[in-house]
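In what follows, a single structure is set out as structure tokens and then discussed.
Throughout, read-outs are computed from the coordinates displayed, never taken from laboratory work. Quick caveat: nothing in here was measured; it's all calculated off a predicted structure. Cβ atoms come from the backbone with ideal geometry, glycine included; neighbour counts cover every protein chain shown.
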Amino acid sequence: MLYAEKKKFVKLEKMIGKFFSYLPLSPNLYTSFSLVASSLACFFILSHKFMLAGASFLVAGLMDIIDGAVAREKNEVSRKGAYFDTIADRYVEIMIYLALLLTEYPQILLPAQFWTGFLMANSLMTTYVKAAGMEKKLIKSEIKGGIFERPERIILILLILFMSEFSKYAAVILIIAGSILALISSVQRILITVRNK
């Protein structure tokens, strides 16, 4: 959903890229910073310091924006860089989900660990669906679309982390909502893939 509005943020992204390109740091280094910030977020989650976890994850999200913006500004866009960025994105999400799985949350219908695992599985499936489609040559280009893409998932994780500081019950409701939306999104991408042929 937010990806469809990407053109509206082109100017802002260009400004970010121009500003950070003055620093002697490569796009891949910014990507690495996102992994470090996410690791910090995991540590704070396991320490039950959810506000600090949210702040650290926010930094990780910003690094993910900066790396691409700097790569485009410096004309250093490469397939290897894009690959590293994609892999890093998956690790960032997985680390957070695993930390949440190890955190005690109240049960709503089913144990909170089930809902967190369901969210993680369906979030990863939205990415795998497009990779599998290209591998099997059902599609020629990357699938975009679905009601719950990565930008929405990042926002959801931020909300879960900050909400966990005040109401773990409300945080579980967000996890449940996110898991259902991620499922719908992955099914949407499956349908786009099979209808493409």
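Applying a 10 Å radius around every beta-carbon, put 113-120, 72-79, 188-195 in order of their mean neighbour count, most first.
Output ranking for 113-120, 72-79, 188-195: 113-120, 188-195, 72-79.
Are any of the pairs Lys130/Lys168; Lys11/Lys130; Lys11/Lys80; Lys18/Lys49; Lys74/Lys130 more than 31 Å apart by Cα-Cα distance, and if so, which?
Values: Lys130/Lys168 33 Å; Lys11/Lys130 28 Å; Lys11/Lys80 25 Å; Lys18/Lys49 34 Å; Lys74/Lys130 29 Å.
Distance filter (> 31 Å) returns Lys130/Lys168; Lys18/Lys49.
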Quiz item: Is the shape of segment 20-156 rounded, prolate or oblate, going by the alpha carbon gyration tensor and its root eigenvalues a ≥ b ≥ c, with a/c under 1.5 for rounded and a/b larger than b/c for prolate?
Solution: oblate
Quiz item: Got a sec to turn the phi values of segment 64-81 into Karplus ³J(HN,Hα) couplings, 6.51 cos²θ - 1.76 cosθ + 1.60 with θ = phi - 60°, whole Hz, x for Gly and Pro?
Solution: 5, 6, 5, 4, x, 5, 5, 4, 6, 5, 8, 6, 10, 5, 9, 5, 5, x
Quiz prompt | Relative contact order [Cα under 8 Å, 6+ residues apart], the chain, whole percent | solution = 25 percent
Quiz item: Using a Gaussian network model of the chain with C-alpha springs under 10 Å, which one of Ser56, Ser38, Ser167 is most mobile by mean-square fluctuation?
Solution: Ser167
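Can you tell me the dipole magnitude for segment 1-134 around its Cα centre, using point charges on the Cβ only (Lys, Arg +1; Asp, Glu -1), in Debye to the nearest 20?
Values: 13 positive and 10 negative charges, 100 e Å.
The calculated dipole for segment 1-134 is roughly 480 debye.
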Quiz prompt | Residues whose placed amide H lies under 5 Å from that of Glu149, excluding near-sequence neighbours | solution = Leu2
Practice problem: Hey, can you grab everything whose amide H is under 5 Å from the amide H of Glu165? Only 5+ residues off in sequence or another chain; H modelled, so Pro and N-termini drop out. | Solution: none
